[in-house]
Amino acid sequence: MAPAAAKPKNATKSAPSKPGKKPTKEKVFHPNASSKRGKNLVAKDVSSLSLPEIHDIIQSVWLTRHDGALQAEQSSRRPGRPPSARELALLEMKRQDEEVYRTGLTIPDLTDPETITLFRAWEDKSHDPAYLHLLRSIRVSRENPETVVLEHVGAKEADARRLEKAAADKEKVDQANREASRKEADLAARDVSKMDVD
């Protein structure tokens, strides 16, 4: 009898060991995996975007993000069969996205250079949702492409407004105090002049 060939320890499974069980997939590290996130960002040398550029990005990237999966679902369906639940869900998501864009979509204000700087810092570092309140937000819509509605002022702008309001309030109080001091001085001067007459 010939000895049986020994299997190497690091051999990959080519067939499932049990019927009905899927073979384990080999995990492969992709060298460009971390750089894909940066491809979604605005180019580093662009300080801000114009409103037509923002609408173009929304229409070419955001509204079409489900098209690949939807096309795959439609092509895998046999002729004469009803759409799958996943295809219906993708169609519904696409319809909802178009409706949101038609009525008004809230996005970070990419027309403001300071917001873009903060947005890049958020993209590069944390992706923490608590950071988003720092960003200035606007509402854009397909119905009124030239109109922008300010939804949320950024935290820095809100702080600047708060400081301006505090300075204006302090100036009002100071003005009222100066007026009150002048009135008291006038009354005191009248009292002194009455005493001189007596």
If you add up the charges near K94, with Lys and Arg at +1 and Asp and Glu at -1, over every other residue whose beta carbon is less than 15 angstrom from its beta carbon, what do you get? -2
Taking the Cα centre of the stretch 47-152 as origin and charging only Cβ (+1 Lys, Arg; -1 Asp, Glu), how large is the dipole, in debye to the nearest 20? 600 debye
Could you tell me how far the Cα centroid of the stretch 168-198 sits from the Cα centroid of the stretch 96-166, in Å? 49 Å
Orientation-averaged projected area, Cα convex hull of the stretch 98-198 (nm²): 11.4 nm²
Zero-based 5 Å bins, Cα pair distances in the stretch 47-152, whole percents: 2, 11, 17, 17, 16, 13, 9, 6, 4, 2, 0
Tell me the label-point distance for the pair A89, E53, using the 7 Å Cα-to-Cβ offset, in nm and rounded to one decimal. 3.6 nm
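Every number here is computed from the coordinates shown, using simple stated rules; none is lab data. What you are looking at is a predicted structure, and each value in this text was computed from that prediction instead of being measured. Here Cβ is always computed from backbone atoms with ideal geometry, including for glycine, and neighbour counts include all displayed protein chains.
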